[in-house]
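The next block holds one structure in the form of structure tokens; read it before the comments.
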Amino acid sequence: MPPHDAQVTNRLKTARGHLDGVIRMVAEDAYCPDVMKQLAAVQGLLEATSRVVFRRHLETCVAEAMRAGRTDEIVDELMETLKYDRRVLRPSPADAKD
């Protein structure tokens, strides 16, 4: 498995494990604000993973499409994709530190 794929897979498995924990919290009638905090943490993990996938797409697929002269096609594809996940462009906490 390429390093990028392993990184994304590990992040997704972490999110899945965290979500399993949240499901247990709900089943055990945990305090709602505690559940909400954990849900926010899972969302953060997924958003960070989405940014990793997006960056990889820009560095590989988009760059290749542009070199091949398919700029309009790849820009249209990105615009369509970003309609479904506007959060992918939100800066991460690590970006704010730079």
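The values are calculated or read from the model by the stated rules, or taken from the named source; none is laboratory data. Remember, predicted model here, so these are calculated numbers, not experimental data. A quick note on method: Cβ atoms are made from the backbone with ideal geometry, for glycine too, and the neighbour counts reach across all protein chains shown.
Data table
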| read-out | value |
| --- | --- |
| Residue in the stretch 31-78 that is surrounded by the fewest Cβ atoms within 10 Å (Cβ to Cβ), counting only those that are basic (Lys, Arg) and farther than 21 Å from residue 4 by Cβ | 37 |
| Residue ranges of helices (runs of 4 or more DSSP H) in the stretch 1-69 with at least 3 members touching a residue at least 40 places away in the same chain (Cβ under 8 Å) | 3-27, 32-57 |
| Tabulated pairs, the stretch 71-98, first closer than 16 Å to residue 53 by Cα and at pLDDT below 90, second surrounded by 10 or more Cβ atoms within 10 Å (Cβ to Cβ) and of a type in the set (S, T, N, Q), C-beta under 9 angstrom, 6+ apart or interchain | 85/50; 87/43; 87/50; 88/50; 88/81 |
| Condition check for residue 14: under 13 Å from the mean Cα position of the chain (by Cα), under 26 Å from residue 82 (Cα atoms) and not acidic (Asp, Glu) | yes |
| Top-ranked residue of the stretch 21-58 - restricted to ones that are among the acidic types (Asp, Glu) and at pLDDT 95 or above, ranked as nearest to residue 77 (Cα to Cα) | 34 |
